[in-house]
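Peer 1: Take this structure first; my questions come after.
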Amino acid sequence: MAGVGAGPLRAMGRQALLLLALCATGAWGLYFHIGETEKRCFIEEIPDETMVIGNYRTQMWDKQKEVFLPSTPGLGMHVEVKDPDGKVVLSRQYGSEGRFTFTSHTPGDHQICLHSNSTRMALFAGGKLYREERFRLTSESTNQRVLWWSIAQTVILILTGIWQMRHLKSFFEAKKLV
């Protein structure tokens, strides 16, 4: 559901090189998945007066297609950071994709917790969007069929009118009224 950092890499050798490069510069990256009701916490030793920046993205996993879907409206990430004394440094709700930042004012182990704001309402919204999409497709299909049926009826009425006029004309010519 959420990813922090550079994202998954395909080759193991690339992962090792990326990890070494990040460690050499003092930055670190992390990629993980969180279930809809899960909370994931990390403890990281952070020096005094250090700015920490985290990038994240929330996505829904489609079990049937086995792909990530674009985030549903209202789905986001809640980030909470506590310093070594247990004091809350950051506690904020964010959107479906973005960045959070905080500065450590005390050196030591900081606890960084992430969880999605997904509730049954978010699940309902996802299901609702799916149903709305299906309804829209059904409506468009029905509209197309109604259009063609109307065109067919119009053609039939025009042909019937032409046939009736010719028949009436021949009837009156036979009676010598025209």
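The values are calculated or read from the model by the stated rules, or taken from the named source; none is laboratory data. Everything numeric in this text was worked out from a predicted model, so none of it was measured. Here the Cβ is made from the backbone with ideal geometry for all residues, glycine too, and neighbour counts use every protein chain on show. With ligands, DNA and RNA removed, areas are computed over all heavy atoms of the protein, side chains included. Shrake-Rupley method; radii C 1.70, N 1.55, O 1.52, S 1.80 Å.
Peer 1: Out of all the residues in the stretch 169-177, is one or more exposed (fewer than 10 other Cβ atoms within 10 Å of the Cβ) and part of a helix (DSSP H, G or I)? Give the steps one after another, and end with the answer.
Peer 2: The first filter runs over the stretch 169-177 and keeps only residues exposed (fewer than 10 other Cβ atoms within 10 Å of the Cβ), leaving 174-177.
Subset that is part of a helix (DSSP H, G or I): 174-175.
Yes, because at least one residue in the stretch 169-177 is exposed (fewer than 10 other Cβ atoms within 10 Å of the Cβ) and part of a helix (DSSP H, G or I).
Peer 1: I want to confirm something. Restricting to the stretch 25-37 and keeping residues that are open to solvent by 70 Å² or more (accessible area, probe 1.4 Å) and at pLDDT 55 or above, which single residue is nearest to His78 (Cα to Cα)?
Peer 2: The residue in question is Thr37.
Peer 1: Another question, then. Restricting the stretch 38-69 to residues that are touching a strand residue (DSSP E or B) at 6+ places or on another chain (Cβ under 8 Å) and either assigned to a loop (DSSP other than H, G, I, E, B) or at pLDDT below 70 (or both), which is surrounded by the fewest Cβ atoms within 10 Å (Cβ to Cβ)?
Peer 2: In this case the residue turns out to be Glu49.
Peer 1: Follow-up question, since we're still on this one. Do any residues in the stretch 78-94 that are without any contact (Cβ under 8 Å) to a residue 12 or more places away in the chain have Cβ atoms under 9 Å from those of residues that are among the basic types (Lys, Arg) and crowded, with 16+ Cβ neighbours inside 10 Å, where the two are at least six apart or on different chains, and which pairs are they?
Peer 2: Val88/Lys82
Peer 1: Another question, then. Do we find a residue being polar (S, T, N, Q), at pLDDT below 80 and open to solvent by 70 Å² or more (accessible area, probe 1.4 Å) anywhere in the stretch 9-24?
Peer 2: yes
Peer 1: Starting from residues that are assigned to a strand (DSSP E or B) and touching a Ser or Thr at 6+ places or on another chain (Cβ under 6 Å), keep the ones in the stretch 73-97 and report whichever is least open to solvent (accessible area, probe 1.4 Å).
Peer 2: Met77
Peer 1: If a residue has to be modelled with pLDDT under 85, of a type outside the set (Ser, Thr, Tyr) and crowded, with 17+ Cβ neighbours inside 10 Å to count, how many in the stretch 98-118 make the cut?
Peer 2: Taking the stretch 98-118 first, the residues modelled with pLDDT under 85 are 98, 115-118.
With the extra rule that they be of a type outside the set (Ser, Thr, Tyr), the set shrinks to 98, 115, 117.
In the following step, the residues that additionally are crowded, with 17+ Cβ neighbours inside 10 Å were identified as 115, 117.
Residues in the stretch 98-118 being modelled with pLDDT under 85, of a type outside the set (Ser, Thr, Tyr) and crowded, with 17+ Cβ neighbours inside 10 Å: 2 in total.
Peer 1: Something else about it: Taking the stretch 72-88, which residues are modelled with pLDDT under 90, in contact with a strand residue (DSSP E or B) (Cβ under 8 Å, 6 or more places away or on another chain) and more than 17 Å from Glu38 (Cα to Cα)?
Peer 2: Scanning the stretch 72-88 gives a single hit, Thr72.
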